[in-house]
Amino acid sequence: MNRLFQTIFAVGCLFALASCNSDDVTNDIDQHKVEVLSAKTSFEAAGGTNNVTVVGNVVKAYAAAAWATVKAEGAKVSITAAPNHDIDSRHTTVIIKTSDQDSAIVAIDQMGAVFALNAPKSVVFNDDVNSVSYPAQGSFPFKTVTSADWITATCADGKFTITTKANTTGHLRTGWAYVNMLTRKDSVAVKQVDVKKDLVGNYYLAMVITNPSTHKQERQYFGATLTYDADKLVLKMPALNLSIPVNYSKDDISLTLPAGNKVGTFTMTDDDGNPITFTIVMGVADKNVTATWKSPAAISGLFDYNPTLQTEVPDYKGTMLSFGKNARFILYAFTSENFDKEKPVGALLNGSDPILYKRP
């Protein structure tokens, strides 16, 4: 992703720029009996000194703007531009006189300050020692700082480099790397996680369900386990003997729970004591998704680590994932395995605001 906090300077209609490295005239010059032999009239945002050489002995030279100072010595005029901290370019003129009647008017310009960082909003590393660099361009020196001691950020040689120490905490961790130049700032979220070490394990699946006895909404907790089987993550609910396929994205440490998968069976007895087995199919709903068991509907959430959870509830380990307050976790029941050709007879479970809390 390219995030540029920069306005490239636009040349005014009275000026025609050329290379700053050339000794030729780089801006329009009005010569009133004073011949200009050479002139370097464009300045970088950082400022500096350029020279103008004329025919004759300069008796007076001055600039029309305070940001440019002028010094004359013989046939040479030195023009010094102060640093331009603004993103906009600026322009002015320098008047050079060899007498009260003879003069030259030299147009000069200065680039606006450039701050460009070509980095993503966030970067995800594994638990090892890691380092990554992104192109960075600035007219002035960069300053870097991080939110945690396990992150190091530097900016040198046109690169913004982020380095992490090894993660031995046993959980996902998140920090920030900041870079600024003058008043311009940018940041990159830095995350470090290993699926098998930090995410796989036992969880509580919490959701808000209507109590059939009181008809009131209450949060209930179900034992769940996130396993890593055959290079795939599966959310299991052992008490119900259900295995729910989920999709993990390492790019943003997210978990997606898709609808349309058979996740197990559930057996109960009818009024006569005869067993009835139902096929259980995963269904979802969300703010913009009507409740359904059909693909490609899905709900998603991002893993996070909240250290205060362990303080508030000792049985929590701090790692959590919320699918969103508007999301619904629905276990549809069908009378046969050909559920794609029939309608569900009901729901084994239907809860809103599903959240996963990691536990021992």
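The values are calculated or read from the model by the stated rules, or taken from the named source; none is laboratory data. Please read these numbers as outputs of a predicted model, since none were measured by experiment. Neighbour counts run over all protein chains shown; Cβ positions are idealised from the backbone, glycine included.
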*Within the set of pairs 6+ apart or on separate chains, which have a first residue in region 202-222 that is assigned by the TED database to the domain that holds Leu331, a second that is polar (S, T, N, Q) and part of a loop (DSSP other than H, G, I, E, B), and C-beta atoms under 6 Å apart?*
Glu218/Asn211
*Find all pairs meeting these conditions: Cβ atoms under 9 angstrom apart; at least six residues apart or on different chains; first residue within region 302-320 and on the phi > 0 side of the Ramachandran plot and basic (Lys, Arg); second residue in a helix (DSSP H, G or I) and modelled with pLDDT of 85 or more.*
none
_I'd like to know if region 161-178 contains one or more residues that are outside the structural domain of His85 (by the TED database), in contact with a strand residue (DSSP E or B) (Cβ under 6 Å, 6 or more places away or on another chain), under 13 Å from Leu117 (Cα atoms) and basic (Lys, Arg)._
no
*asked:* Please pick out the residue among Thr168, Thr214 that is assigned to a loop (DSSP other than H, G, I, E, B) and at pLDDT below 95.
replied: Thr214
*Taking region 195-248 only, how many residues are in contact with a Ser or Thr (Cβ under 8 Å, 6 or more places away or on another chain) and of a type in the set (Phe, Trp, Tyr)?*
2
*Please determine, by comparing only the residues of region 68-94 that are hydrophobic (A, V, I, L, M, F, W, C) and buried (at least 16 other Cβ atoms within 10 Å of the Cβ), which one is farthest from Asn51 (Cα to Cα).*
Ile87
*Specify the residue that is modelled with the lowest pLDDT; the eligible residues are those in region 223-277 that are out of contact with any helix residue (DSSP H, G or I) (no Cβ under 8 Å at 6 or more places or on another chain) and of a type in the set (Lys, Arg).*
Lys232
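Residues are listed down the side, and each one gets a yes or a no for (1) more than 29 Å from Asn180 (Cα to Cα); (2) at pLDDT 95 or above:
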| residue | (1), (2) |
| --- | --- |
| Ile29 | yes, no |
| Gly48 | no, yes |
| Lys60 | yes, yes |
| Gly74 | yes, yes |
| Val77 | yes, yes |
| Asn84 | no, yes |
| His91 | no, yes |
| Ile96 | yes, yes |
_Enumeration of residues in region 261-276 that are closer than 10 Å to Ala333 by Cβ and either buried (at least 16 other Cβ atoms within 10 Å of the Cβ) or not aliphatic (A, V, I, L, M) (or both)_ = Thr265, Phe266
*Yes/no for Ser352 being modelled with pLDDT of 95 or more and over 22 Å from Asp194 (Cα atoms)*: yes
*Would you mention how many residues in region 106-136 are without any contact (Cβ under 8 Å) to a residue 60 or more places away in the chain, crowded, with 16+ Cβ neighbours inside 10 Å and more than 22 Å from His171 (Cα to Cα)?*
3
*Inspect all residues belonging to region 251-260 and state whether any of them is surrounded by fewer than 18 Cβ atoms within 10 Å (Cβ to Cβ) and among the aliphatic types (A, V, I, L, M).*
no
*Qualifying residue in region 139-150 (condition: touching a residue at least 60 places away in the same chain (Cβ under 8 Å) and surrounded by 15 or more Cβ atoms within 10 Å (Cβ to Cβ))*: yes
